[in-house]
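Below: the structure, in structure tokens.
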Amino acid sequence: MATKAAAKETAKEFAVIQTGGKQYLVSEGDTLKIEKIKSPFVAGAGRAPINVGDTVVFDEVLLVDNGTDTTIGAPFIKGAKVSAEIKKIAKAKKVTVIKYKAKSNYFKKRGHRQPFFEVTITKLA
């Protein structure tokens, strides 16, 4: 049976963030693939490109748990932020969509490669 001190050491801080219409359970050091993010609009300069090594801040935080306290947002937690560093910008494998109807000479083949960012979570705040 584990003691309370051992339980505190194994308890890990985590958060649930929302980006790209999806929700992710993250903690510091995690690496995950997310949907492509548009860069913020700067007045007069337009949109600056996002590059590998840039820091991204997710402010749509739904839940934060530090091992002892759990904070749940309605729908988001005010002031909570999760920082991440972009490690890779790429496209996923090709997805092929085929539409076919027998005996009617109908065949369509389409495909696309979905862009994604691979990010590493650096800080939960």
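The values are calculated or read from the model by the stated rules, or taken from the named source; none is laboratory data. None of these values were measured; they are calculated from a predicted model. Note that each Cβ is placed from the backbone with ideal geometry, even for glycine, and that neighbours are counted across all protein chains shown.
A compact table of results
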| item | result |
| --- | --- |
| Residue check for residue 70: hydroxyl-bearing (Ser, Thr, Tyr) and within 30 Å of residue 14 (Cα to Cα) | yes |
| Among the candidates 103, 87, residue that is in contact (Cβ under 8 Å) with a residue 12 or more places away in the chain and out of contact with any Cys (no Cβ under 8 Å at 6 or more places or on another chain) | 87 |
| Subset of segment 68-91 [assigned to a strand (DSSP E or B) and more than 23 Å from residue 38 (Cβ to Cβ)] | 70, 71, 72 |
| Filter result for the condition that a residue is modelled with pLDDT of 90 or more and either under 15 Å from the mean Cα position of the chain (by Cα) or not basic (Lys, Arg) (or both), over 50, 77 | 77 |
| Some residue of segment 40-51 being among the basic types (Lys, Arg), surrounded by 10 or more Cβ atoms within 10 Å (Cβ to Cβ) and under 18 Å from residue 124 (Cα atoms) | no |
| Search result, residues across segment 72-106 that are among the charged types (D, E, K, R) and exposed (fewer than 11 other Cβ atoms within 10 Å of the Cβ) | 78, 93, 94, 99, 101, 103 |
| Residues of segment 39-63 classified as within 14 Å of residue 88 (Cα to Cα) and β-branched (Val, Ile, Thr), total | 4 |
| Residues located in segment 58-71, provided they are loosely packed, with under 11 Cβ neighbours inside 10 Å and either closer than 18 Å to residue 18 by Cα or without any contact (Cβ under 8 Å) to a residue 40 or more places away in the chain (or both) | 69, 70 |
